[in-house]
Amino acid sequence: MVFQWNWLRGPLAGLISARIQRPVAIHGDLKVKLESLTPRVSVEGLVVGGPRWAGPTPLASVARLTLRVKVLPFIFGGRLILPEVEVDDPQIDLRRDANGRTNWDFPTGGGAAPAIANLVIREGRLSYVDVRRGVVFAGVMSSQEGGAVEQTGFTLQGAGTYNRSPFSLRVSGGALLNIDPRKPYDFAARLDAAKTHLQVAAAIRRPFDLSRLSGTLQIRGDDLADLYHLTGLALPNTPPFALSGSFLRAGAIYALWDVSARLGQSDLSGSASVDDGGLRPVFRARLTSQRLRLIDLLAVIGGASRHAAAADLSAGQKVERARLIAQHRILPDASLDASRIRAMDAHVAYAADTMDAGKLILRDLRLGVDLQGGLLVVDPISARLPQGQVDGTARIDARQSVQTNAIDLRLTKAQLANLLPPAKGGPAIEGPVWARADLTAKGDSLRAAAAHADGQVSLVMTGGKVRKTLADLLGLDLGRTAFQLITRKESDTPVRCGVAVFTARDGVLTSSGLMFDTDIVKVTGGGEINLRDETLNLRVLGRPKAVSFARLDAPITITGRLDAPKIGVDYVKAAPQALAGLALGVFAAPLAAVLPFVAPNLSRNADCAALEDGPAGAPRAHG
C-alpha cells in the first residue's frame, strides 16, 4: 500500500486546532515535499472556524495554502516559523459583537503571530463587522511578485459604513517577499469617511505581529466625538478639527505623543495613552493650549455661539445653533450619551495659557478630569481674570439610568467692569464682585439640567462706584436725572454694597434677597429667573436718600426672554401697599449665612452686614 498524505489531514487539522483552540478542517488535498527539516506543505480547502457566538461563518477559509514550515520549533511548543507562504483566494471574516467579543482573539498562547519571511496573497477578501462600533467593511487584498525585476507590494482596499456613513479604506505596503522577520515592515493607510479623513504611516515592528506597531498619523474631521465608533473612546464634542502626532501600539497599550491639533481656532498639544487591557479602556492625557476660545469650548456641552463663523462649527453645532435661534433660547439641549462615558475611564490634565471669552481674557486655565465607572469629576476648574479668580468643581454621575449633575463655581474679587459689555464713555458701574453658584440637577443636557436645577446663586459687590445718572434712574428720580443730562455734568457716587441671592428649585431661581446701596439711593427688589422656559420676571425699587420733588414711585421691571430682556416701569404697581414688599429692604435669607457662602472674608464687611438692619432710613437732603 502506498502512503498518502491525505491520511494525515485529520491529525494535522487536530494539531492546529489544539494550538489555536478553534475548529479546523481540511477539505481538499494535503501535499508534502520532505526536502529537509523545512518541508513544503500544500493544503487545499482549509477552513478555520470561529467561536460559537459568531455563528456558522468561518473565521477564515483558503482555497490553497502553500508554505514551508520549520517543523521542530512548532512540534516542541515554540513559535511557528514560516520561511515561505503563498495564499490563494483567502476569505477572512472578522466580527465584534455588541459586548466587545471578537472572533479573532485566540486563547492565551494560541495567537502568537508566526514569523513569515516571504508572503504572497492572491485574490484575497476581507470582511469586518463591528456591531459595537457600527462599522461594516468589505475589501480585497493581494501581494504578488511581479517578476525578477519588479515586485508588487501588499494592498488592501475596500469600502463600508462607519457611524452610518460610507467610507473607503486603502492599505499599502512593500512587497512581502524576502521580508526579514527581525526588521520592521512599513505600510501606509488612508481612511476617508464623509467628513473624517485619516492617514497613517507606520511600521509593524516584527512582521506580522499587529500588536506591535508604531508610526505617525494625521486626522481631520467635523467633530472629535465622531471618532467613538473608530476608537471606542468617549471623546468630547468639538468644532471641526485637525490633528497629527506619533503613535505606538504595544499589546493593549496605545500611546500618542507630539500631538499638534487645532479645534476650531483653538490649538492643542500634548500626549495621550489608552490601556485597553482591562474591563474598560483607560484614557490618560496631559494636554495644553496656548489659546483656547470660549466659542470652541462651547462644543463640549453641545453649545454653538451665534457669532461663530460657519467654518468653525461642526454639523451638529450648526443644527443646534439654528434650533436655538428659531426657539429664542440660549441653553443647548444636545444630550450626553451616558453609555459612552460608562464604557471607558479617563484621567486628563488640561491647561491653557489664555482663554478668549469675547472681550474678556482669562489666563492660566486649569482643568482636571477624572472619569471612572460612569462618574465624571472635573476638579480643579480654575482661571485668572484680569482682576480676580474663578475656581470650582463639576460632577456628572451617569452610573444610574437618570444622570445627576453638580457644579460649584466661585468668582473671587473680580472687577464688574471687566465682566460687562464695553460701554460708550466708560463703564457705568465699577467695583469688586464675589459670586458663587452651587447647583445640583438631573438631566443629560445643559438645558435639561438647568430646567431641574436646585441650589443657590449669590453675588456680592463691595465698594466701587456708579454714575449718579444711573443711580438716579434706579430711583426714578426724574428731576435729578434730567438736570444731569441737560448740564452734561457726569459724576460718580460710591457703592456701599450690592447683594443678589437666588434660591433655585426645580429650574426656577427665586430671589430671596436683592439690594444695591449707594450714597444717594438704595435699591431693593425680587422676582424669578425661570430656566425652564428661559424667561425673566424681576422688579426693583429705588429709594432716594435725599428729598426729591420729581420722583416716580414705581418699580422697574426686567422681563422677557434671557436672550432679549426688556426693561420697563410698572406704573400699575405704584400704589404704596403694592410697593411695601419691595421697599422693606430685609432679606428672606440672613446675610450672616449668605456672605460667608460666597466668600468667608465678606462676613467682616460692615457695609454689607448693615443691609440687614432695615430699610433705607429717613430721606435726607444733599449738602
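FYI, it's all coordinate maths here, none of it is from the lab. Worth saying up front: this structure is predicted, and the values here are computed from it rather than measured. Quick reminder, even Gly has a Cβ in these numbers, built from the backbone with ideal geometry, and neighbours come from all protein chains shown.
Sites listed here are GluC sites (Glu not before Pro) in segment 8-97 whose DSSP assignment is loop and whose Cβ has at most 14 other Cβ atoms within 10 Å: GLU35. Which percent, nearest 5, of DSSP beta bridges in segment 273-387 are antiparallel? Within segment 273-387, antiparallel bridges account for around 65 percent of the total. What does the charge count around LEU94 come to, taking other residues whose C-beta lies under 15 Å from its C-beta (Lys +1, Arg +1, Asp -1, Glu -1)? Local charge sum for LEU94: +3. Applying 1/(1 + (r/R0)^6) with R0 = 51 Å to the Cβ-Cβ distance of ASP506 and ARG125 gives a FRET efficiency near 0.30.
Using the Cβ-Cβ distance between ALA349 and ARG40 with R0 set to 60 Å, the FRET efficiency from 1/(1 + (r/R0)^6) comes to roughly 0.60. Which one of LEU65, TRP7, ASN118 has its Cα pushed farthest toward the positive end of the charge dipole of segment 1-181, where Lys and Arg give +1 and Asp and Glu give -1 at the Cβ? Sorting the options by dipole projection puts first TRP7. Cross-link check: pairs LYS465/LYS545; LYS424/LYS465; LYS359/LYS442; LYS465/LYS566; LYS359/LYS566; LYS318/LYS566 evaluated at a Cα-Cα cut-off of 22 Å; pairs beyond the cut-off: LYS359/LYS442; LYS465/LYS566; LYS359/LYS566; LYS318/LYS566. Under the shape rule built on the C-alpha gyration tensor, where the axes satisfy a ≥ b ≥ c, segment 299-350 is prolate, since a/c reaches at least 1.5 and a/b is greater than b/c.
Answer rounded, prolate or oblate for segment 1-181, using the Cα gyration tensor with square roots of eigenvalues a ≥ b ≥ c: rounded when a/c is under 1.5, else prolate when a/b is larger than b/c, else oblate. The shape class here is oblate. Using the Cβ-Cβ distance between ASP370 and THR231 with R0 set to 22 Å, the FRET efficiency from 1/(1 + (r/R0)^6) comes to roughly 0.65. Label-to-label distance for SER211 and SER269 is 3.5 nm, based on points extended 7 Å past Cα in the beta-carbon direction.
Using a simple charge model, +1 on the beta-carbon of Lys and Arg, -1 on the beta-carbon of Asp and Glu, nothing else, what dipole does segment 211-403 show about its Cα centre, in debye to the nearest 20? Before the final figure, lay out each step's value.
Details: 22 positive and 20 negative charges, 37 e Å.
Computed charge dipole of segment 211-403: roughly 180 debye.
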